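Working notes for the structure below.
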Amino acid sequence: MIRRTPVFIVTSPRQRVGKMLVARALKEFFHADGREVAAFDANPDQFSLVDFLPAETAVASVDDTRGQMALFDQLVQPDRRPKVVDLGHSQFDRFFAVMQQIGFAREARVNAVVPVVMFLCDQDARAKQGYAMLRDRFPELALVPVFNEGATQVARYRTNFAPTRFGGMPLVIPALSGVVRQVTERPGFSFASYSFNATDPTTELFGWIKRVFLEFRDLELRLLLEELKPSLQFH
């Protein structure tokens, strides 16, 4: 079986929905699992991921042709190394327009690259429109709704983001209390290091990390199962 290269695009057409937190946690999930990972911070004038995780995080942009080529050339590399793209709200429309124009999905299939969009949902109409656009324009794309309980009231709007065939059920990121959230926002803080060094597994933060990492693990398994379905069918 061909080993594939997953590319996780964490995004939303809205700001302040917890996107960077999810991208941080996802990258550290791979580190905690002992896997090398590459990350790209595509948030013009407001870089955050590269500030928290400078190692193996590159600043990226799709504002011009040069930046677009540099980013997509790296994303389509079949190097079997997971990649995480923290895609800012201001780059949302342009990124996916370029993705469609260059036929990225076709090139990804040829190179055994699996793009996965982790879409941060909220109640604003722009979020619903952005999700519908991706679902309609890229019907074979793994589109995963992500509900951040710390950003908005999830129960009010989750019915607006129906699971897609390839993305499967939504991911839920639990809320953190204000004090704990401030700890995680300190420069140099690492989820992976905290989980490795924690002496008390009953703390709120340890429980949060464990649950979020399990969500990511479950997502990986669902995506793998979807890929294996053709070979598992009996004839």
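The values are calculated or read from the model by the stated rules, or taken from the named source; none is laboratory data. Treat the numbers as computed from the prediction; the structure is a model and nothing was measured. Here the Cβ positions follow ideal geometry from the backbone for every residue, glycine too, while neighbour counts run over all protein chains shown. Heads up: the accessible areas ignore ligands, DNA and RNA and are worked out on the full protein's heavy atoms, side chains in. Shrake-Rupley method; radii C 1.70, N 1.55, O 1.52, S 1.80 Å.
Which count do you get for residues in region 91-109 that are touching a Phe, Trp or Tyr at 6+ places or on another chain (Cβ under 7 Å) and touching a residue at least 60 places away in the same chain (Cβ under 8 Å)?
The qualifying residues number 0.
Which condition breaks for Leu49 when tested against (1) touching a Lys or Arg at 6+ places or on another chain (Cβ under 9 Å); (2) surrounded by fewer than 21 Cβ atoms within 10 Å (Cβ to Cβ); (3) of a type in the set (A, V, I, L, M, F, W, C)?
All conditions pass for Leu49, except number (2).
Residue by residue through region 78-91, note down the ones that are of a type outside the set (Ser, Thr, Tyr) and closer than 24 Å to Met20 by Cβ.
Restricting attention to region 78-91, the residues satisfying the condition of being of a type outside the set (Ser, Thr, Tyr) are 78-89, 91.
Arg81, Pro82, Lys83, Val84, Val85, Asp86, Leu87, Gly88, His89, Gln91, listed by residue number.
Go over the candidates Ala42, Ala25, Ala38, Ala58 one by one and state the one that is hydrophobic (A, V, I, L, M, F, W, C) and surrounded by fewer than 18 Cβ atoms within 10 Å (Cβ to Cβ).
Details: Ala42 fails: surrounded by fewer than 18 Cβ atoms within 10 Å (Cβ to Cβ); Ala25 fails: surrounded by fewer than 18 Cβ atoms within 10 Å (Cβ to Cβ); Ala38 fails: surrounded by fewer than 18 Cβ atoms within 10 Å (Cβ to Cβ).
Answer to the check: Ala58.
Report, ordered by the first and then the second residue, all pairs with beta carbons closer than 6 Å, sequence separation of six or more or different chains, a first member in region 157-176 that is in contact (Cβ under 8 Å) with a residue 24 or more places away in the chain, and a second member that is surrounded by fewer than 19 Cβ atoms within 10 Å (Cβ to Cβ) and in a loop (DSSP other than H, G, I, E, B).
Listed pairs, sorted by first residue: Tyr157/Gln123; Met169/Pro163; Pro174/Glu149; Ala175/Glu149; Ala175/Gly150; Leu176/Gly150.
Open to solvent by 90 Å² or more (accessible area, probe 1.4 Å), at pLDDT below 90 and under 20 Å from Ala23 (Cα atoms) - does that describe any residue in region 188-206?
no
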